[in-house]
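**Q** Just passing along the structure, written as structure tokens.
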Amino acid sequence: MVEQNFAGNIIVNLANLPDFLRKPILKKRMMEFFSLSEPEKKEIINNALEAGPTIPFPNFSKLFKTWLEILATLAEEQREGLFFAYIDEIIHLPQKLIVFNLDGILEIYLQLDSEKKKIIAQTIKNIVDSLESEKRRRLLLVIPDNAKEHLNI
């Protein structure tokens with residue numbers, strides 16, 4: 001039986017929407033994430049990590065930038081929860097991150113205004129600093145050096 005990737009399909013569709021539609025829909029979906037059970041959250045993260053590299057980069061970049069902009073407006077606890085879910089999955093299956101255009105993703109992050117970059121970098125730094133040493137080592141192996149430099153990790 002083939003399992004459908006509904007979350008992945010939603011992500012692909014969101015990437016193709018104009019900005020004025022994408023932002024409120026994505027924010028609503030992100031807020032729904034916090035009410036899901038742990039297995040549902042894990043499934044959403046896995047589906048997003050699978051769908052991301054299949055989206056043409058110009059569309060992905062718009063979606064990812066919107067996602068980062070929304071994340072920067074969330075409460076620290078929510079931001080940490082969402083980033084940690086992705087980081088934890090990447091630690092367990094680093095190949096899921098490797099298939100992304102990591103240089104392009106860093107460029108998208110660098111396009112954010114300085115306050116948003118600072119908020120996001122601090123959240124990621126807090127998470128990385130809180131990881132036990134072997135998990136931190138595994139994560140840092142897949143993050144490009146230039147990204148580590150910009151994120152101060």
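**Q** Within the range 52-73, does at least one residue satisfy the condition of being more than 22 Å from N9 (Cα to Cα) and either of a type in the set (S, T, Y) or modelled with pLDDT under 95 (or both)?
**A** Checked against the condition, which is being more than 22 Å from N9 (Cα to Cα) and either of a type in the set (S, T, Y) or modelled with pLDDT under 95 (or both), the range 52-73 yields at least one hit.
**Q** Look through E89, E77 and report the one residue that is surrounded by fewer than 14 Cβ atoms within 10 Å (Cβ to Cβ), within 21 Å of S37 (Cβ to Cβ) and among the charged types (D, E, K, R).
**A** Checking each option against the conditions leaves just E77.
**Q** Oh, and also: All but one of (1) within 16 Å of the chain's Cα centre (by Cα); (2) of a type in the set (S, T, Y); (3) in a loop (DSSP other than H, G, I, E, B) hold for S61; which doesn't?
**A** Failed condition: (3).
**Q** OK, next. With the condition kept exactly as written, say whether any residue in the range 74-92 is among the small types (G, A, S), more than 24 Å from F20 (Cβ to Cβ) and not in a helix (DSSP H, G or I).
**A** Yes, the conditions are met somewhere in the range 74-92.
**Q** If you don't mind, another one. Can you go through D103, D129 and tell me which one is part of a helix (DSSP H, G or I), modelled with pLDDT under 95 and either exposed (fewer than 14 other Cβ atoms within 10 Å of the Cβ) or touching a Ser or Thr at 6+ places or on another chain (Cβ under 6 Å) (or both)?
**A** D103
**Q** Could you list, in sequence order, the residues of the range 38-58 that are of a type in the set (D, E) and either touching a helix residue (DSSP H, G or I) at 6+ places or on another chain (Cβ under 6 Å) or outside any helix (DSSP H, G or I) (or both)?
**A** Once the filter is applied, which keeps residues that are of a type in the set (D, E) and either touching a helix residue (DSSP H, G or I) at 6+ places or on another chain (Cβ under 6 Å) or outside any helix (DSSP H, G or I) (or both), the range 38-58 yields only E50.
**Q** Which numbered condition trips up L97, out of (1) farther than 21 Å from K42 by Cβ; (2) at pLDDT below 95; (3) assigned to a helix (DSSP H, G or I)?
**A** Going through the list (1) farther than 21 Å from K42 by Cβ; (2) at pLDDT below 95; (3) assigned to a helix (DSSP H, G or I), L97 breaks only (1).
**Q** Continuing with the same structure: Select, from E115, E107, E89, the only residue that is under 13 Å from N46 (Cα atoms) and charged (D, E, K, R).
**A** E89
**Q** While we're on this one: Can you find a residue in the range 19-32 that is under 19 Å from L97 (Cβ atoms) and assigned to a helix (DSSP H, G or I)?
**A** No, the range 19-32 contains no residue that is under 19 Å from L97 (Cβ atoms) and assigned to a helix (DSSP H, G or I).
**Q** So, one more: Which numbered condition in (1) free of Cβ contacts under 8 Å to residues at least 12 places away in the same chain; (2) touching a Ser or Thr at 6+ places or on another chain (Cβ under 8 Å) is the only one that L26 fails?
**A** Here L26 clears every test but (1).
Condition check ((1) of a type outside the set (A, V, I, L, M, F, W, C); (2) in contact with a strand residue (DSSP E or B) (Cβ under 7 Å, 6 or more places away or on another chain); (3) touching a residue at least 12 places away in the same chain (Cβ under 8 Å)) across all residues:
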position: I87; (1), (2), (3): no, no, yes
position: I91; (1), (2), (3): no, no, yes
position: L97; (1), (2), (3): no, no, yes
position: N101; (1), (2), (3): yes, no, yes
position: I108; (1), (2), (3): no, no, yes
position: K116; (1), (2), (3): yes, no, yes
position: P144; (1), (2), (3): yes, no, yes
position: E149; (1), (2), (3): yes, no, no
position: I153; (1), (2), (3): no, no, yes
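**Q** Looking at the range 46-55, is at least one residue closer than 20 Å to V128 by Cα and of a type in the set (D, E)?
**A** Within the range 46-55, none of the residues are closer than 20 Å to V128 by Cα and of a type in the set (D, E).
**Q** Additional query: Can you tell me how many residues in the range 116-149 are over 16 Å from the mean Cα position of the chain (by Cα) and within 26 Å of N59 (Cβ to Cβ)?
**A** 1
**Q** State the number of residues belonging to the range 72-101 that are touching a helix residue (DSSP H, G or I) at 6+ places or on another chain (Cβ under 7 Å) and not acidic (D, E).
**A** Total satisfying the criteria: 17.
The values are calculated or read from the model by the stated rules, or taken from the named source; none is laboratory data. Being a predicted model, the structure only gives us computed values, none of them experimental. With ideal geometry, Cβ positions are generated from the backbone for all residues, glycine too; neighbour counts draw on all protein chains shown.
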